[in-house]
Every structure is written in structure tokens, then in C-alpha cells.
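Working notes, beginning with the structure itself.
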Amino acid sequence: YTFIVKSQIYYHAANNQASGGGPQTYMEQENDWDRDLLLDPAWEKQQRKTFTAWCNSHLRKAGTQIENIEEDFRDGLKLMLLLEVISGERLPKPERGKMRVHKINNVNKALDFIASKGVKLVSIGAEEIVDGNAKMTLGMIWTIILRFAIQDISVEETSAKEGLLLWCQRKTAPYKNVNVQNFHISWKDGLAFNALIHRHRPDLIDYDSLRKDDPVTNLNNAFEVAEKHLDIPKMLDAEDIVNTARPDEKAIMTYVSSFYHAFSGAQKAETAANRICKVLAVNQENEQMMEDYEKLASDLLEWIRRTIPWLQNRTQEKTVNDMQAKQEDFRDYRCVHKPPKVQEKCQLEISFNTLQTKLRLSNRPAFMPSEGRMVSNINGAWHTLEGAEKGYEEWILSEIRRLERLEHLAEKFHQKAAIHEAWTDGKEAMLTQKEPDTTTLSEIKALLRKHEAFESDLAAHQDRVEQIAAIAQELNELDYYDSANVNARCQKICDQWNVLGALTQSRKESLKNKEKQLESIDELYLEYAKRAAPFNNWMESAMEDLQDMFIVHNIEEIQGLIAAHEQFKATLTEANEERKAIQAIQANVPKIAQSNNITLTGSNPYTTITSENIDEKWAKVFELVPRRDTALQDELNKQNSNDELRAKFASQANKVGAYIKAKMEEIGRISIEMNGTLEDQLTNLKDYQDSIVSYTPEINTLEGYHQLIQEALVFDNKYTPYTMEHLRVSWEQLLTTIARTINEVENQILTRDAKGISQEQLYEYRTSFNHFDKDHSGALMAEEFKACLISLGYDGDAEFGRIMSIVDPNGTGAVTFQAFIDFMSRETTDTDTADQVIASFKILAGDKNFITAEELRRELPPDQAEYCIARMAPYTGPDAVAGALDYMSFSTALYGESDL
């Protein structure tokens with residue numbers, strides 16, 4: 001050859017739109033000839049032989065063949081026939097004339113058809129082919145081979161040549177002495193050809209018997225086996241390859257492509273089986289997670305269902321001790337039984353979120369738990385539980401206060417009733433006794449004065465009766481369990497009081513009738529009686545007050561009682577003067593009687609209160625005062641102790657509250673400003689979680705202080721704004737928040753691994769999201785999200801409506817980071833679809849519309865084969881056979897497109 005031909009062949013992929021770009025150069029600048037601008041004679045010989053065999057492997061389907069590649073294509077007839085056979089399409093009708101113009105027209109029709117398939121032919125014209133130009137003819141045949149035999153070979157989205165080479169490398173990787181690096185030297189010893197056959201048909205080749213130092217035998221063995229058993233014509237002689245320093249690359253590629261297409265059916269079946277196995281494994285795992293979720297949700301809801309009635313039970317107890325036992329049961333519930341359920345609830349939410357993420361990543365419909373077991377149902381039940389819990393605790397405390405008050409009032413009632421009943425003992429008999437007719441005037445007058453003194457005493461006791469009635473009324477209002485007996489005793493006292501009043505009035509009228517007859521009155525006795533009676537009543541009231549039960553809840557109240565007691569003690573001096581004055585009156589009686597020669601025949605006729613009585617009661621008052629001092633001081637000490645408990649609880653509560661608040665703010669910042677790889681973030685978050693959990697002893701210490709406060713019946717605390725209930729809820733919220741943040745990172749790792757998103761992409765997405773999340777809320781509003789999309793290269797207006805409908809299907813107006821990641825992963829990665837799974841089953845089924853159990857067991861692992869058989873419905877189409885299964889409805893059911 002004495003002329004230079006420069007040919008560059010470009011293949012423009014017909015499906016370039018599907019791959020997301022414009023026209024691609026399929027084989028860029030594929031030089032058909034060496035750099036010396038001359039075709040090596042050995043290479044030309046190999047190309048002639050290989051290309052001729054390749055053409056004949058197709059032309060024989062039409063009942064013809066070629067002998068000389070540059071001569072037999074000159075009239076264009078067999079060239080057009082070759083293109084029709086390999087493309088399956090009809091070309092324009094050829095011209096049957098023998099003239100040069102007819103031949104040129106036929107060749108041009110063939111070249112036009114090649115060009116219509118996206119192949120650009122440069123410097124190859126019909127005239128050169130008609131003239132029998134070997135170089136141009138070989139170049140044309142090579143473009144046809146590239147377009148129709150190698151074009152669709154692509155492994156991991158590489159170019160055709162690279163894809164074919166990668167396929168060879170993978171298939172021959174396990175074989176010793178085989179290292180495929182190119183399409184020339186790597187094939188000279190013949191072992192690569194034999195390895196390809198053995199990998200797919202081990203029954204045809206005894207690979208271990210081959211020797212690397214016997215290339216001719218190896219090549220002939222591979223070529224003969226391929227021709228006899230695989231229907232691959234012999235395209236080269238072993239000597240053509242062995243005796244050439246570097247075999248022709250195009251000849252080897254053409255030969256190897258025939259092996260690829262011969263085994264492509266098996267490759268497709270293997271790919272289809274792998275895809276189905278992957279889909280089924282995901283589905284099995286998802287089903288197990290759904291079952292686990294349903295069981296955990298059912299158990300938790302059942303526990304809540306059993307617990308709420310217990311918390312809503314308001315059965316009243318009769319004593320403070322009984323209610324405190326209930327309080328202890330409730331404390332046991334809060335500290336022992338509820339915390340594991342809090343963890344279960346958190347784990348349930350995490351499992352649900354993880355499952356939904358896995359379903360989204362595998363292009364499955366969202367998981368809808370059975371009725372009543374949604375996360376929202378569980379949250380609602382939990383909210384009801386906590387409401388019942390709060391109400392139950394408040395009820396217990398109010399009941400303890402009520403019962404404490406009742407016990408105090410009941411004791412006070414019975415004490416006052418006993419004092420009153422002791423006073424009224426014998427009063428009716430006294431008021432109903434009859435005086436003898438021989439009673440003297442002085443005796444009558446004495447009786448009248450005595451009765452007046454009794455009336456004074458009776459009036460003084462009116463206040464006690466009213467107090468007794470008021471206490472009984474309060475006990476009734478507070479639902480005292482022994483109200484019946486209290487009411488009966490109170491009624492008896494009131495009835496008796498009314499009787500005494502009537503009798504007193506009656507006796508007074510009787511004595512008045514005789515008063516005119518009685519003139520002599522011992523003024524001294526009368527004065528004594530009048531002053532002794534109120535003083536005696538004052539002492540009785542004082543003794544009653546000094547023995548009165550009291551209940552206080554803080555230092556201020558006990559200090560008020562102490563102050564009142566001190567005021568009472570301040571009046572003792574004045575009272576003592578009154579006592580001395582009364583005793584002086586009584587002491588003057590015998591003096592006056594003696595001075596007037598009066599013989600005293602008895603005690604003071606106007607009163608039963610003797611000076612001894614006054615002295616005894618006065619001594620009793622002085623005996624009770626220090627006891628009251630001690631009781632008040634003891635109560636003051638108790639309240640000081642309670643105040644110390646308040647201070648201890650407040651100090652710990654303020655520390656814990658500040659810690660929880662700081663950690664909540666810190667975890668908010670961490671979840672927004674996380675750096676490093678997701679694994680680093682996950683490790684750091686779990687370390688952070690451990691550090692928070694290690695703070696639990698502080699919470700337990702606070703619970704201990706709280707228990708002491710409750711046992712001491714302390715119900716208020718001015719030293720802290722925190723309550724134990726508020727801190728418990730905040731602590732549980734902190735633990736739940738860090739657990740959810742960890743789960744979010746785990747889901748991001750799951751998303752990244754399942755979708756093949758790089759760490760750099762995730763970092764870019766997180767950085768963009770955080771940049772526009774100005775308020776660090778963890779969500780972007782619509783305008784913020786639009787700006788974020790624009791920063792990532794999306795058309796802010798044209799694409800926004802479509803994208804928002806995906807990331808915010810409920811129309812809340814806010815986009816979470818997880819929804820943003822899910823969208824970006826769907827946009828940038830490929831996912832399995834129902835159509836892809838159906839196509840895979842169709843390959844395993846041999847292009848039938850159904851598949852049999854036998855075929856499934858042959859192509860899939862045992863467990864996954866049985867999984868499919870158990871879930872596939874019988875196929876009922878017109879071409880059904882016995883045992884046919886419907887793989888189409890099964891595949892679409894996996895993705896929620898129809899019900900199985």
C-alpha cells in the first residue's frame with residue numbers, strides 16, 4: 001500500500017439519553033492502522049481470516065458465505081445481506097445490475113445504514129469498496145463488528161473495549177498462568193481462551209492438563225472445542241497467533257466477542273439470579289423487621305393497656321399508712337418498671353425509622369403497621385399513660401394530705417368530745433334535782449347563785465360545742481371513713497346540749513320563784529364563784545390548747561405557732577395575779593366567818609370550784625407549758641430538717657437541670673455541626689451517649705433525695721423551679737434524643753452503603769443543608785430548600801415543584817435532612833424496580849410468562865427458592881402448564897404496585 005488512509009471511527013450511542021448525557025464517543029480515535037502508516041502483513045492476514053470467519057458465521061444463516069473479503073463485498077449485495085442478518089432489519093431493495101454504478105449504489109445503501117446506527121465513517125467511501133481496496137474493506141468490516149458485536153458489551157458502565165476486557169479479566173481471574181491485560185500478547189499462549197471456556201463449560205476442557213509452554217496445542221484445543229460445542233467458527237489458526245510477535249488486536253477482540261456472546265445467556269441468567277436473590281434477601285429481612293416491630297408494639301401497648309387502669313384507680317384508703325404504701329408501689333413503678341418500657345418505646349421508634357429507610361432504599365412501599373400499632377398510636381397511648389401517671393401521683397399526694405388532715409381532725413374531735421362529755425357528766429341530774437320544802441332562803445339563794453355560775457359555765461362551753469360540730473362537719477366534707485360514728489357522737493352531744501339548755505332555763509325559773517324568799521347572800525362566796533368559774537374555764541381551755549394536736553408544713557407555720565405560744569406564756573404572770581386574787585377571796589371567807597362568829601357548815605354554795613381545784617389546774621397548766629415548748633421545738637427541728645432536705649434536693653435538682661439543659665443544647669449543635677466520616681460521627685455520638693449514661697448516678701441520687709422529701713411529707717420547695725417529674729421527663733427526652741441522633745447517622749450509613757453515595761457527597765449534602773438551616777432547627781423551609789437545591793446545581797424554579805412533592809408529600813412546608821438525603825440518593829443512584837425484577841425472572845424462565853418450581857430450585861439458593869415458591873400464585877395464563885407460577889404479580893407485589 002502506497003497511500004495513507006487516516007480513519008477515525010466514532011460511535012454515537014443510540015441510547016445516550018438514558019445514560020444522562022449528550023452524544024458519547026464510543027471508541028475515541030480508534031486507529032485502524034499502525035503508526036508507520038502501513039498495515040502489518042501478519043496483522044492483515046489475521047484480520048482477513050478473522051473478519052471472514054465472523055462474516056460467514058452470520059451469512060450462513062442466510063444460506064451463503066464469502067471466500068475473499070475484499071472481492072465478495074464489491075457489488076454490495078452480500079454486504080447488505082450481512083447487515084440485514086446481524087441487525088434483524090430490512091435494508092432498501094438492492095440493485096441487481098452488473099454495472100459499476102449499481103455496485104456503488106448498493107454499497108452506499110449499506111454505508112448509509114451503518115451511518116444511521118450512529119457510526120460516523122471518515123474516508124471510507126463506496127468507490128474504495130467497489131474497487132476492492134483491502135484496507136478500506138477491512139476498516140469497514142471492523143466498524144460493523146464494533147457496532148453490532150461489541151457495542152452492547154459494558155461492564156460497570158465502562159466503554160465497549162474496556163467492558164469486554166474487564167469481563168475477560170473477571171472470568172479468568174481464578175486461573176493460574178492467566179493474566180489478561182490486553183487483546184494481543186495476553187492471548188498468545190492460548191490459556192486465556194481455554195480458561196473462558198472452562199469457566200462456563202468445565203465439562204468441555206481439562207484445564208489442569210494444559211501447559212503454558214505449549215501454546216499451539218492450547219490454542220487449537222480452545223478453537224476446536226469452541227467450533228464443535230459452542231458454534232463459534234474457527235477465525236484464526238494457532239500458528240497465526242504464535243508466529244506473530246504481537247497478534248492483531250482487532251482480530252483477537254472479534255474472536256473474544258464471539259465467546260462473550262456465546263456465554264451471554266449464562267451471564268444474563270447469573271445476573272438475573274443475583275438480582276432476584278438480592279431483592280428476596282432484602283424482602284426477607286424487611287419482613288422479619290416488620291414482625292419484630294409488630295411484636296414489640298403489641299407487647300408495649302399491652303403493658304400500657306394493663307398499667308393505665310392501675311394508674312386511674314382512685315380507691316380511697318382509710319389511713320395515711322395505707323396511702324403511703326400505694327405511694328411506695330408507685331415509686332417502684334417509676335424507678336423499676338417504667339424505665340425499661342421507655343427504652344422499648346425508643347427502640348421501637350428507631351426500628352420503625354430504620355425499617356422505613358431500608359424500604360425506601362430498596363424501592364419498597366412504606367411499612368404500614370397493623371391497625372392500632374402505628375408509632376402515632378403508641379405515642380398517643382404513651383401520652384395517655386403519662387397523663388394517668390401524673391394524675392395518679394397528684395392524687396396520692398392529695399389523699400395523703402387529706403387523710404393526714406382527717407386523722408388530725410378526728411383525734412381533735414374525740415379529744416374535745418371527751419372533755420365536753422366529762423364536763424356534762426351528772427349535769428342533767430343536777431339540773432333536775434328537787435329542793436326540800438325545808439330549804440332555807442340562804443340555801444335557795446345559794447342555789448340560785450350556783451345556777452347562775454353554771455349558766456356562765458354553760459355559756460363558756462358553747463364555743464367548744466360549736467367547735468365539735470364544726471370539726472364533725474369538716475370530717476364529713478373530707479369523706480372521713482368513720483363519719484357515721486363521729487356524726488352519732490356529735491348528734492348525741494348536740495342533743496344533750498339542747499337538753500341541758502332547756503333544763504337550765506327550767507331550773508332557773510324554779511329558783512327565781514323562790515328568790516324573793518332568799519335575801520342573805522354571801523357576797524364573798526359569790527364573787528369567788530364568779531371569778532373562779534371563768535378563770536377555771538380559761539385554765540381548762542389553756543390545758544386543752546396546750547394539748548391540742550397541730551400539723552405544719554413549713555418553718556413559717558411552726559414559727560407562727562411558737563410565737564403564739566410565747567404570747568400565751570407572756571399572759572401567765574397576769575393570770576397568776578388573777579389566781580392569787582381569787583385565792584385571796586376564798587381565804588377571806590373563814591376570816592369573815594370567824595370575825596362574825598359564823599360557823600361554816602360546808603363548802604362554797606355557789607360553786608364547786610375549790611381553791612384546791614384551781615391550784616391543781618394551775619399546776620397542770622405549768623406542767624403542760626414546757627411539754628408544749630418541747631413539742632413545738634421538736635416540730636421546729638423537724639421543719640428545719642425538712643428545709644435541709646429541700647436544700648439538698650434543690651442543689652442536686654438545679655445541677656441536674658442545668659446539666660440536662662446544657663446537654664440538650666449541645667446535642668442540638670452536634671446533630672447540625674457533625675464533622676468527619678459517618679463512622680467517626682457514629683463513634684463520637686456513641687461515646688457521647690456513654691458519657692451521658694454515666695451521669696445516671698446523679699439522677700439516682702436526686703431520686704433518693706426526692707424519696708426522702710416525700711417520706712417527710714414535704715410538698716413544696718422554694719429553692720428550685722424543678723420538680724422530680726419535670727427532670728425525669730427531661731432526662732428521658734435527652735436519652736431519646738441522642739438515641740435518635742445515633743439512629744439518624746446509622747440510617748445515613750445505610751443509605752450511603754445501599755446507594756453507593758460517597759463520603760464526599762454526603763459531606764457536600766450536609767454542608768449545603770446546614771448552610772441554609774439558619775435557625776439550626778434540623779429542617780429547611782420551602783425557600784431555604786430551594787436555595788439549597790440551586791447551590792447543588794438544580795434549576796430552582798423548573799424543578800422545585802416536582803422535588804417538593806417528593807421530599808414533602810404531606811405539604812408541611814419543611815424538609816428534613818433524611819428526606820433530603822433520600823431524594824439525593826434516588827437522583828444519583830440506580831435502584832431495583834419491579835420491571836427489572838420481572839425481567840430477571842423472565843431470563844431464568846427462558847423468556848416464558850411463567851416459571852416453574854423446578855427452575856427456581858435450579859437457579860436460586862434453596863432458602864430463597866422456597867421463599868418464592870411459597871409466595872407465588874399459580875399462573876393461569878393461556879400458555880400455562882402444570883406447576884406454573886406467576887412471577888409477574890409476585891415481583892410487582894414486592895414494590896407495592898399490586899396485591900399478590
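For beta carbons closer than 6 Å, sequence separation of 6+ or different chains, a first residue in region 736-748 that is small (Gly, Ala, Ser) and a second that is modelled with pLDDT of 90 or more and open to solvent by 10 Å² or more (accessible area, probe 1.4 Å), the qualifying pairs are Ala739/Cys346.
Checking each residue in region 378-397 for being open to solvent by 60 Å² or more (accessible area, probe 1.4 Å) and within 18 Å of Arg306 (Cβ to Cβ) picks out His383, Thr384. Number of residues in region 769-785 that are touching a residue at least 60 places away in the same chain (Cβ under 8 Å) and open to solvent by less than 30 Å² (accessible area, probe 1.4 Å) equals 1. With the structure loaded, tell me whether Pro878 is more than 35 Å from the chain's Cα centre (by Cα), over 20 Å from Gln284 (Cα atoms) and surrounded by fewer than 18 Cβ atoms within 10 Å (Cβ to Cβ) or whether it fails that test. So Pro878 passes the test. I want to confirm something. Restricting to region 431-468 and keeping residues that are over 15 Å from Ala529 (Cβ atoms), at pLDDT below 85 and of a type in the set (A, V, I, L, M), which single residue is most open to solvent (accessible area, probe 1.4 Å)? In this case the residue turns out to be Leu441.
Yes/no matrix, rows are residues, columns are (1) more than 30 Å from Leu301 (Cα to Cα); (2) over 60 Å from the mean Cα position of the chain (by Cα); (3) without any contact (Cβ under 8 Å) to a residue 60 or more places away in the chain:
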{"site": "Leu385", "(1), (2), (3)": "no, no, no"}
{"site": "Lys390", "(1), (2), (3)": "no, no, no"}
{"site": "Leu406", "(1), (2), (3)": "yes, no, no"}
{"site": "Lys412", "(1), (2), (3)": "yes, no, no"}
{"site": "Ala418", "(1), (2), (3)": "yes, yes, yes"}
{"site": "Val465", "(1), (2), (3)": "yes, yes, yes"}
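Within region 173-181, identify whether any single residue is open to solvent by less than 60 Å² (accessible area, probe 1.4 Å) and polar (S, T, N, Q), and answer yes or no. Can you show your working first?
At the first step, the residues of region 173-181 found to be open to solvent by less than 60 Å² (accessible area, probe 1.4 Å) are 175, 178, 180.
Checking which are polar (S, T, N, Q) leaves us with none.
No.
Within the span defined as region 615-634, every residue fails to be touching a Lys or Arg at 6+ places or on another chain (Cβ under 6 Å) and open to solvent by 30 Å² or more (accessible area, probe 1.4 Å).
From Gly380, Gly372, which residue is part of a helix (DSSP H, G or I) and either farther than 16 Å from Gln748 by Cα or in contact (Cβ under 8 Å) with a residue 60 or more places away in the chain (or both)?
Details: Gly372 fails: part of a helix (DSSP H, G or I).
When all the criteria are applied, what remains is Gly380.
Exactly one residue out of His565, His553 is within 30 Å of Ser641 (Cα to Cα), open to solvent by 60 Å² or more (accessible area, probe 1.4 Å) and in contact with an Asp or Glu (Cβ under 9 Å, 6 or more places away or on another chain), and it is His553. Annotation: of all residues in region 250-306 being among the basic types (Lys, Arg) and under 16 Å from Gly163 (Cα atoms), the one that is most open to solvent (accessible area, probe 1.4 Å) is Lys268. How many of the residues in region 749-768 are within 16 Å of Leu361 (Cβ to Cβ) and in contact (Cβ under 8 Å) with a residue 24 or more places away in the chain? Here the count works out to 11. Only residues that are at pLDDT below 90 and open to solvent by less than 70 Å² (accessible area, probe 1.4 Å) were counted across region 312-324, and they come to 6.
Among the candidates Gly139, Gly163, Gly132, the residue that is open to solvent by 10 Å² or more (accessible area, probe 1.4 Å) and either modelled with pLDDT of 85 or more or under 60 Å from the mean Cα position of the chain (by Cα) (or both) is uniquely Gly132.
Here is the figure for region 196-229: residues that are out of contact with any Gly (no Cβ under 9 Å at 6 or more places or on another chain), closer than 27 Å to Arg48 by Cβ and buried (at least 16 other Cβ atoms within 10 Å of the Cβ) total 4.
Suppose we filter region 237-248 for residues that are assigned to a helix (DSSP H, G or I) and surrounded by fewer than 18 Cβ atoms within 10 Å (Cβ to Cβ); how many remain? Final tally of qualifying residues: 2. Just one of the numbered conditions (1) at pLDDT below 80; (2) in a helix (DSSP H, G or I); (3) surrounded by 18 or more Cβ atoms within 10 Å (Cβ to Cβ) is not true of Glu744: (1).
All of Ile104, Ile145 fail the test of being assigned by the TED database to the domain that holds Tyr260, among the aliphatic types (A, V, I, L, M) and either more than 30 Å from Arg199 (Cα to Cα) or assigned to a loop (DSSP other than H, G, I, E, B) (or both), apart from Ile104. All of Lys234, Lys228, Lys212 fail the test of being in a loop (DSSP other than H, G, I, E, B) and at pLDDT 90 or above, apart from Lys212. Can you name every one of the helices (runs of 4 or more DSSP H) wholly within region 795-861 that holds 3 or more residues which are at pLDDT below 80 and buried (at least 19 other Cβ atoms within 10 Å of the Cβ)? Answer list for region 795-861: 817-828.
Annotation for region 262-273: at least one member residue is farther than 25 Å from Gln864 by Cα, more than 51 Å from the chain's Cα centre (by Cα) and not charged (D, E, K, R).
Would it be correct to say that Ala712 is of a type in the set (A, V, I, L, M, F, W, C), at pLDDT below 90 and open to solvent by 30 Å² or more (accessible area, probe 1.4 Å)?
On the way: of a type in the set (A, V, I, L, M, F, W, C): yes; at pLDDT below 90: yes; open to solvent by 30 Å² or more (accessible area, probe 1.4 Å): no.
Taking the combined requirement at face value, the residue does not satisfy it.
Across region 56-93, which residue is least open to solvent (accessible area, probe 1.4 Å) among those that are among the acidic types (Asp, Glu) and assigned to a loop (DSSP other than H, G, I, E, B)? Outline the logic, then answer.
Initially, region 56-93 is screened for residues among the acidic types (Asp, Glu), giving 67, 70-72, 75, 84, 89.
Imposing the further condition that a residue be assigned to a loop (DSSP other than H, G, I, E, B) reduces the set to 67, 70-72, 75, 89.
Numbers: Glu67: 140, Glu70: 25, Glu71: 87, Asp72: 43, Asp75: 53, Glu89: 75 Å².
Per the criteria, the residue is Glu70.
For Asp189, state whether it is over 54 Å from the mean Cα position of the chain (by Cα), open to solvent by less than 40 Å² (accessible area, probe 1.4 Å) and acidic (Asp, Glu). It is true that Asp189 is over 54 Å from the mean Cα position of the chain (by Cα), open to solvent by less than 40 Å² (accessible area, probe 1.4 Å) and acidic (Asp, Glu).
The values are calculated or read from the model by the stated rules, or taken from the named source; none is laboratory data. All values derive from a computational prediction rather than experimental measurement. Note that each Cβ is placed from the backbone with ideal geometry, even for glycine, and that neighbours are counted across all protein chains shown. Just the protein is used for accessible areas: all its heavy atoms, side chains included, with ligands, DNA and RNA removed. Shrake-Rupley method; radii C 1.70, N 1.55, O 1.52, S 1.80 Å.
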